[in-house]
Structures are given as structure tokens and as C-alpha cells.
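The next block holds one structure in the form of C-alpha cells; read it before the comments.
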Amino acid sequence: MNHATRNPRFGISSAGFTMVEAVLSTILVSVMLVAALNLVGTSKVTQQKAALTSRGRLLAEDLLAEILRQNYQEPDETPVFGREMAESATNREAYDDVDDYLGWSASPPVAKDDAAIANSANWKRTVTIERIDPLNPQTVQTVETGAKRITVTVYYLNVPQASLVAVKTVDWE
């Protein structure tokens, strides 16, 4: 028994798809597939950026915490802004005050004892130390003020991923 019906006016069978319907269906499915793939791609890029930002923030927090544990100024010698003679520009083991980190940078990042940090290839950490006005922290000073702004910036493939800022002050008596 044939269930196909004929349109008496045009003599066309209405069973199945016409070529136009098939082409339109294919176009519609293709557009939806492209949109879905774009969404998946955007989601992956967003996830990767979030992971890089998170990793960068952890690396910045680690170094900033290390710096904040140091004395405000040199405990053993006459205070100098920056590293004293016995302190290396690359190895931080002898750093004992905040401004010893002035201009410090490492790529890839390393721990204070110079041990490599796992999975840190292509990463870089830099430190800026500035004397600031304690009453107006946005104002940089050239003389000792009792307050230093510490900025740690972390890069992945030379693109900034995280930057943390803290202020360390002299112990007031």
C-alpha cells in the first residue's frame, strides 16, 4: 500500500523531502555546528586564561609573602636602599630586608634557595620597590619615608598575568 499522496493540482508526490528542504536542513545544521564549535573554542580560551591568571597570582603571592617576611631595612649594616655588598643580584638566600629585592627578576621563577619551581617554564617574576609618602601612598619619594611599596609582577610568555602590591612600613616605636 502506497501512503504517498499526490497533489492533484501539481502532480507532485508529498512523500519524503524535496531537494530544497534537504539543502535548507543541511545549512541549518551546519550553522548550528559552527556556532557550537565557536562556543567550545571560546570556553577553552577562557579556561586557559583563567588558569594562567590563577597560576600567575599564586607565583606573585608566594614571592610577595617572602618579601613581606623580611625586615624593613638592613638589620646588620648601615641601611642602603637596594642590595648590600654581600648580596647577589640573582640568588635571594642572603636577602634580609625588603629593598634587597629592588629590581630583582627571574625567568623561570626559582625559590629563595634557588631551587627550581615545578612547571614554571615560560614564567617570569619581577619586583619593584619604591619609597612612598606614608600619608599619600601614590607619591614616590627619593628619600627615606618609613614606607615602601612592593610590586610583584608575573608574566607568562612576556604577557603580564598578575601583579600584586603591598606596603611595608618601618616599625614605629
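In this structure, is Lys168 touching a residue at least 24 places away in the same chain (Cβ under 8 Å), among the basic types (Lys, Arg) and open to solvent by 60 Å² or more (accessible area, probe 1.4 Å)? For Lys168, the condition - touching a residue at least 24 places away in the same chain (Cβ under 8 Å), among the basic types (Lys, Arg) and open to solvent by 60 Å² or more (accessible area, probe 1.4 Å) - is not met. Confirm whether Val29 is open to solvent by less than 100 Å² (accessible area, probe 1.4 Å) and modelled with pLDDT under 85. So Val29 does not fit the description; no. Among residues of the stretch 108-129 that are open to solvent by 40 Å² or more (accessible area, probe 1.4 Å), those with a beta-carbon under 8 Å from a residue that is acidic (Asp, Glu) at least six positions away or on a different chain give the pairs Lys112/Glu66; Lys112/Glu93; Asp113/Glu93; Asp114/Glu93. Among residues of the stretch 30-54 that are within 30 Å of Ser163 (Cα to Cα), those with a beta-carbon under 7 Å from a residue that is hydroxyl-bearing (Ser, Thr, Tyr) and surrounded by 10 or more Cβ atoms within 10 Å (Cβ to Cβ) at least six positions away or on a different chain give the pairs Leu52/Tyr156.
For a quick check of your reading of the model, give me the residue pairs whose first member lies in the stretch 137-156 and is small (Gly, Ala, Ser) and at pLDDT 95 or above, whose second is assigned to a strand (DSSP E or B) and open to solvent by 20 Å² or more (accessible area, probe 1.4 Å), with beta-carbon atoms closer than 9 Å and at least 6 apart or on different chains. Sorted first by the residue in the stretch 137-156, then by its partner, the pairs are Ala147/Arg131; Ala147/Asp133; Ala147/Pro137; Ala147/Val167; Ala147/Lys168; Ala147/Thr169. Of all residues in the stretch 10-25, those satisfying the criterion of being modelled with pLDDT of 60 or more and either in contact with a Leu (Cβ under 7 Å, 6 or more places away or on another chain) or part of a loop (DSSP other than H, G, I, E, B) (or both) are Ala15, Gly16, Phe17, Thr18.
The values are calculated or read from the model by the stated rules, or taken from the named source; none is laboratory data. All values reported here derive from a predicted model rather than from experimental measurement. Cβ: placed from backbone, ideal geometry, glycine included. Neighbour counts: every protein chain shown. Please note that ligands, DNA and RNA were not included when accessible areas were found on the heavy atoms of the full protein model with its side chains. Shrake-Rupley method; radii C 1.70, N 1.55, O 1.52, S 1.80 Å.
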